[in-house]
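Single-structure report; data block below.
The values are calculated or read from the model by the stated rules, or taken from the named source; none is laboratory data. All figures in this text were calculated on a predicted structure; none of them were measured in a lab. Ideal geometry is used to build each Cβ from the backbone, glycine not excepted, and the neighbour counts take in all protein chains shown.
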Amino acid sequence: MEESRWNMRVPVSVPVRLDFADATTLTGVARDISFQGLYVRTDERPGVAQPSSPVVVTLPAGGDAARVLELPAMVVRTTGSGLGVLFFDYGDRQFDGIAEHIEAGFEARRPASARRNPL
């Protein structure tokens, strides 16, 4: 399957769990995220993590580790350092959660003098 990006990816560093249909679980760190998908760095390499494998991606919802965001996805590529997944069929809650991570990624890249100051 050829990967085609429609959304810009934003650098992040977020813990991620990947749950595959055969009950295999991988953990890693999201390197980047977009509304279309993310790339996960992981040292784990089970055979199930192949392109077109369905997976559920779980990551913290915003900055709150107690809340989680679960996203249906599919593996679209694997590399020596991790794998890329494509999100699909998600709702408003998941969209908002992805948006929080994207905003945080943009905010982290801004110079300190240009960052938003909370009121």
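For the structure I just gave you, tell me whether P46 is surrounded by 12 or more Cβ atoms within 10 Å (Cβ to Cβ) and at pLDDT below 85. The answer is yes for P46. Considering the range 69-95 alone, what residues qualify as being of a type in the set (D, E, K, R) and modelled with pLDDT of 90 or more? Matches in the range 69-95: E70, D92.
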